[in-house]
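The values are calculated or read from the model by the stated rules, or taken from the named source; none is laboratory data. Bear in mind the structure is a predicted one, so any value in this text is a computation, not a measurement. Cβ placement follows ideal geometry from the backbone for every residue including glycine, while neighbour counts extend to all protein chains displayed. Only protein heavy atoms, including side chains, enter the accessible area calculation; ligands, DNA and RNA are left aside. Shrake-Rupley method; radii C 1.70, N 1.55, O 1.52, S 1.80 Å.
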Amino acid sequence: SEQVSPYRLASRQWKKEGTRISVKGIEIGGDDLFVIAGPCAVESEEQLDIIASFVSDHGVQFLRGGAYKPRTSPYSFQGLQKQGLQLLQQASLKYGLGVITEVMDLSLLDEVYPYTDIIQVGSRNMKNYHFLKELGKVNKPVLLKRGMDATMEEWLLAAEYLLVGGNEQVILCERGIRTFD
């Protein structure tokens, strides 16, 4: 007999065909390569304009940048916050790019939502299951970055939390993993 996958919604046992998501008329999950590019953190209007111009000129369709930045040190730059969201939107309109930015917690969802086309869940939040359950209720694509120490099983089960909530617009983003060499 066939073994049941622990990934009830993220497996081929549940859905035979691959996921395809349309955002701003661009299909994600189809045959074409989907490239996201941009700065880790939005630091200034000039910085973002230079990067948005460059990525647009090179065929990239989505600009990714952090307006709110989780940092290990509480003394490090934490992002431009709402101003960063406004700069992302400005660059998006100027260069015809979609926007992807991180929502760090539910208290920021309402603020970030109108500025982004795809909600990013950063690697630090991949195991925040309550957060993922709530994002499962959102009607917007969610890019789920793999946690730096996450196994493939943990990553796919994190996607399950989004899917169980009803959001089938889940994009998995491999960000690389941490080794202890």
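State the extension gain, in nm to one decimal, for the chain segment bounded by Glu134 and Glu46, taking 0.36 nm per residue of separation less the distance between their alpha-carbons.
28.2 nm
Helix 45-57 against the longest principal axis of the chain: what's the angle in degrees, Cα atoms only, rounded to the nearest 10?
Helix 45-57 sits roughly 60 degrees off the main axis of the chain.
Largest first, how would Leu87, Leu172, Leu157, Leu33 line up by accessible area (1.4 Å probe)?
Sorted descending by solvent-accessible area, the residues read Leu33, Leu172, Leu157, Leu87.
Taking the Cα centre of each part, how many Å lie between region 135-153 and region 36-73?
20
As a test question: what accessible area, to the nearest 10 Å², does Cys40 have when a 1.4 Å probe is rolled over all protein chains in place?
70
Using r as the Cβ-Cβ distance of Arg20 and Cys173, and R0 as 25 Å, what FRET efficiency do you calculate, to the nearest 0.05?
0.95
Going toward the positive end of the dipole of region 86-181, with +1 on Lys and Arg Cβ and -1 on Asp and Glu Cβ, which of Leu143, Ser107, Gln90 do you reach last?
Working it through, the farthest residue towards the positive pole turns out to be Gln90.
Using only the alpha-carbon atoms, how far is helix 152-164 inclined from the longest principal axis of the chain? Give it as 0 to 90 degrees, nearest 10.
For 152-164 against the chain, the angle is about 90 degrees.
Stretch Arg8-Glu153 to full length: gain in nm at 0.36 nm per residue minus the Cα-Cα span?
Contour length minus the Cα-Cα distance gives 51.0 nm.
For the full complex of protein chains and a 1.4 angstrom probe, list Ser123, Ser44 by accessible area with the highest value first.
Putting Ser123, Ser44 in descending order of accessible area: Ser44, Ser123.
I need to check one value: relative contact order of region 1-135, counting alpha carbon pairs closer than 8 Å and at least 6 residues apart, in percent.
Across region 1-135, relative contact order equals 18 percent.
Set the Förster radius R0 to 25 Å, insert the Cβ-Cβ distance between Phe77 and Glu111 as r into 1/(1 + (r/R0)^6), and round the FRET efficiency to 0.05.
0.85
What percent antiparallel are the DSSP beta bridges of region 1-144, to the nearest 5?
Counting DSSP beta bridges with both partners in region 1-144, the antiparallel share is about 20 percent.
Using only the alpha carbons, work out the radius of gyration and Dmax of region 1-90 in angstrom.
Cα-based Rg and Dmax for region 1-90 come out at 18.4, 60 Å.
Determine the share of region 1-70's accessible area contributed by carbon and sulfur atoms, expressed in whole percent, with a 1.4 angstrom probe.
Carbon with sulfur: 49 percent of the solvent-accessible area.
Taking the alpha-carbon distance from Lys127 and a cut-off under 20 Å, which aspartates and glutamates remain once sequence neighbours fewer than 8 residues away in the same chain are dropped?
Glu102, Asp105, Asp149, Glu153, Glu154, Glu160, Glu168, Glu174
Hey, if we sort Asp117, Asp110, Asp149 by accessible area with the 1.4 Å probe, largest down, what's the order?
Asp110, Asp149, Asp117
Would you kindly state the longest site-free stretch of the chain, with sites defined as trypsin sites (Lys or Arg not before Pro) in a DSSP loop (not H, G, I, E, B) surrounded by at most 15 other Cβ atoms within 10 Å?
With trypsin sites (Lys or Arg not before Pro) excluded where exposed in loops, the chain gives 72-136 as its longest stretch.
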